[in-house]
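Structure first, commentary second.
The values are calculated or read from the model by the stated rules, or taken from the named source; none is laboratory data. On a predicted model such as this, the values are computed, not experimentally measured, just so you know. For neighbour counting, all protein chains shown are included, and Cβ atoms are generated from backbone atoms with ideal geometry for every residue, glycine included. Calculation scope for accessible area: heavy atoms of the full protein, side chains included, ligands and nucleic acids excluded. Shrake-Rupley method; radii C 1.70, N 1.55, O 1.52, S 1.80 Å.
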Amino acid sequence: MTELNAERARRAIVEHTRRLAESAAAAGPDAAVPTTPKWTITELVEHVGRTQHWVAEIVERRITDPAQLPTQLAVMPADPREWQAWLSESARRVTSACSDDALDAPVFNPAADGRSGTRFWLSSMLNEAVVHGFDAADAAHRPADIDPDIAAALISNHFAMLTAPTWEMQRPESANAIRGTGQRLRWTATDIADEAAAWNVERRPDGARWQPGTRPADVTVSGPARSLLLTLTRRLPLTDRAATGIGVDGDIDLAQHWLDNTAHVAG
């Protein structure tokens, strides 16, 4: 799957953070967030704004040593009326840090997956804005649109994280659970006119691997890219076809086991 152009990703971070802020204002600071049950809207806003400022500092300072990662977190305004401006500032700061000049600069990449650190963080911040934007919209009972190309790029990022060299160190239970003996899963976006809009996972004894394209699979999960992303990040159920447009062909238990044991979720 082709990655998003960096400028497209930067614009999307700003736009989805704006939508998140509007949904947070509509929901109210004390509202529960059903898709992240341990959080209120206040905690969700704080997490997103702090994370964007934190990542911006990493890239701005060109930090390569994880021992030097920032320890001071940004302070969220106490007045909810100031949150929209604060989130706008954090989104613009992190996208400015991830400028074209910084894309291939030496920066720490926690996944150690071959991407430059800035490209890793740009994808991660897009994931935060989009998926938590859905969380906030859901809490406020508002629609949450996600363009197919953005959803597809985040699906690729999702699988890149789950199969990264450092995943076992970060999430050993997940890494062990998704090992297998050759079981194959395919996820296909039905709203993208590109045969590469499919993600194939093979569960091997030495860990899961993924690659784009259409290949034989024990189970195929098909649907709009938005629904696939939100199902993979456990925001939508696998089995509610009427609500999601997702269909499952093959071993549904294999697909559900994957979802139950993949811990890369935003939040």
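Considering only residues that are open to solvent by 60 Å² or more (accessible area, probe 1.4 Å) and assigned to a helix (DSSP H, G or I), which ones fall in the stretch 213-243?
Arg226, Arg241, Ala242, Ala243
Under 7 Å between Cβ atoms, which residue pairs at least 6 apart in sequence (or on different chains) link something in the stretch 236-259 that is touching a residue at least 40 places away in the same chain (Cβ under 8 Å) with a partner that is part of a loop (DSSP other than H, G, I, E, B) and open to solvent by less than 20 Å² (accessible area, probe 1.4 Å)?
Ala255/Leu238; Trp258/Ile178
Have a look at Asp100, Asp113 and point out the one that is more than 30 Å from Pro237 (Cα to Cα) and either not acidic (Asp, Glu) or not assigned by the TED database to the domain that holds Met161 (or both).
The conditions single out Asp100.
For the stretch 20-40, what are the residues that are under 19 Å from Asp145 (Cα atoms), open to solvent by less than 60 Å² (accessible area, probe 1.4 Å) and not in a loop (DSSP other than H, G, I, E, B)?
Listed by number, the residues that qualify are Leu20, Ala21, Ser23, Ala24, Ala27.
Name, by its number, the condition in (1) more than 20 Å from the chain's Cα centre (by Cα); (2) open to solvent by 60 Å² or more (accessible area, probe 1.4 Å); (3) not charged (D, E, K, R) that does not hold for His257.
(1)
Can you find even one residue in the stretch 102-118 that is part of a helix (DSSP H, G or I) and open to solvent by 10 Å² or more (accessible area, probe 1.4 Å)?
No, there is no match, as no residue in the stretch 102-118 is part of a helix (DSSP H, G or I) and open to solvent by 10 Å² or more (accessible area, probe 1.4 Å).
From the residues in the stretch 173-212 that are part of a loop (DSSP other than H, G, I, E, B) and of a type in the set (Ser, Thr, Tyr), which one is least open to solvent (accessible area, probe 1.4 Å)?
Thr190
Please count how many residues of the stretch 134-164 are farther than 16 Å from Ile13 by Cβ, among the polar types (S, T, N, Q) and free of Cβ contacts under 8 Å to residues at least 60 places away in the same chain.
Selection size over the stretch 134-164: 1.
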